[in-house]
Structure formats: C-alpha cells, structure tokens
1. Arrange Ser93, Ser75 by Cβ neighbour counts within 10 Å, fewest through most, would you?
2. From the phi angles alone, apply the Karplus equation (6.51, -1.76, 1.60; θ = phi - 60°) to the stretch 77-88 and give each ³J(HN,Hα) in whole Hz, x where the residue is Gly or Pro.
3. For Gln72 and Arg149, calculate 0.36 nm times their separation in residues minus their Cα-Cα distance, and state this gained length in nm to one decimal.
4. Less than 11 Å Cβ to Cβ from Leu116, Lys/Arg counted +1 and Asp/Glu -1: what total charge do the surrounding residues give?
5. Determine the sum of side-chain charges near Asp91: Lys and Arg each +1, Asp and Glu each -1, restricted to other residues whose C-beta is under 15 angstrom from that of Asp91.
6. Kindly identify the stretch 82-162 as rounded, prolate or oblate by the Cα gyration tensor criterion: order the square roots of the eigenvalues as a ≥ b ≥ c, call it rounded if a/c is under 1.5, otherwise compare a/b with b/c, prolate if a/b is larger, else oblate.
7. Note down the net charge around Glu56, summing +1 for each Lys or Arg and -1 for each Asp or Glu among other residues with Cβ under 14 Å from its Cβ.
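What follows draws every value from the coordinates through simple rules; no lab data is involved. Small disclaimer: the values here were computed from a predicted structure and weren't measured. Note that we place each Cβ from the backbone using ideal geometry, even for glycine, and neighbour counts take in every protein chain shown.
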Amino acid sequence: MMGSPIRLAIALCSFAVLLGASTASAQGNPPRGGAGQQEVDQERLIERFLDLATTELNLSAEQRDQLGVVLQEASERRRGLGRRQMQLRRDISQALADPTTEASEFTRLAERFLTLQHEGLEIQEWQRDRVLEVLTPRQTLRFMLLQERLARRIQEMRRGQR
C-alpha cells in the first residue's frame with residue numbers, strides 16, 4: 001500500500017485532519033457560509049498555499065500550474081469523501097439511537113467506515129504520486145513539510161473556534 005512508515009504517518013496525519021473536519025460538521029458545526037462559501041474559501045486556501053509553495057520551493061510557472069491542478073483535484077476528492085463521511089456519521093448516530101437496529105446493520109456501517117478510511121488514504125496516495133510527477137524529490141519532501149505545517153495551523157485555528 002504505502003510502502004514506508006513515514007508515508008503512512010503522513011497519510012494518516014492528513015486523513016486525521018480531514019476526519020476532524022468532517023466530524024465537526026457532522027456534530028452540528030456546519031462550515032461557515034455554507035457549501036458555496038466553503039468552496040470559495042478552499043480555492044483561496046489553495047491559491048495562498050500555491051503562492052507559499054512557489055516561493056519556498058522555487059517552482060517554475062509550469063510546476064505551479066500543474067501543482068494547482070493536482071491540489072484542486074485532491075480537494076474535490078476530499079470534499080466528496082467528507083460528504084460521504086458526514087452522511088455515514090448521521091447513519092451511525094441514527095443506528096445507535098435506535099434500540100431495534102439489527103447487528104447486521106452495525107456490521108455494514110463498520111465496514112463502510114473502514115472503506116471510507118481506506119478511501120482517504122487512497123486520495124493521499126494519489127496526490128503524493130501526482131506531486132512526485134510534478135516536483136523533484138527534494139521539492140516533494142519540502143512540499144510535504146509545508147502541508148504538515150498547514151494542517152497544524154488549521155487544527156490550531158479550529159481549536160480556537162471551539
């Protein structure tokens with residue numbers, strides 16, 4: 001699957017950030033301004049991140065454009081996954097609240113939960129593979145560190161909102 005413990009750790013860290021965002025939404029904390037505003041915010045975030053990456057990684061215009069396409073596609077995939085995770089969390093809440101829910105339903109929900117976790121890792125792998133096609137190995141590692149910094153910052157901001 002991932003190939004190394006470091007890659008797995010990076011993927012899990014990114015997925016944890018994504019999972020935390022979808023959990024907050026599923027717990028009744030919808031994104032500020034609705035889905036349309038969330039997409040605008042996401043595009044701005046990607047642009048700002050690309051600006052930072054361009055400077056820190058010394059990207060060419062072609063690399064920046066290609067990286068932007070990769071990040072946008074990964075973002076769209078993650079949004080779709082997040083929607084499915086939120087729906088699953090609602091389904092799980094309903095099943096847990098209903099004392100007549102069959103054991104087979106809990107098994108199905110648990111399998112779906114694991115499937116979505118795996119899908120998150122696949123998105124991370126897809127993005128990593130595309131980034132490796134665009135950036136040099138040195139730039140790729142620095143890019144991963146930039147992403148990690150961004151993820152930490154987002155987590156800190158979310159903690160501040162709670």
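1. Lowest count first: Ser93, Ser75.
2. Once rounded to whole Hz, the list reads 5, 5, 4, x, 4, x, 5, 5, 5, 4, 5, 4.
3. That pair, Gln72 and Arg149, stretches by 25.8 nm at full extension.
4. After counting each charged neighbour, the total is +1.
5. Neighbour charge sum, excluding Asp91 itself: +2.
6. Details: a/c = 4.97, a/b = 1.92, b/c = 2.59.
Note, shape of the stretch 82-162 comes out oblate.
7. Combined, the nearby Lys, Arg, Asp and Glu give +3.
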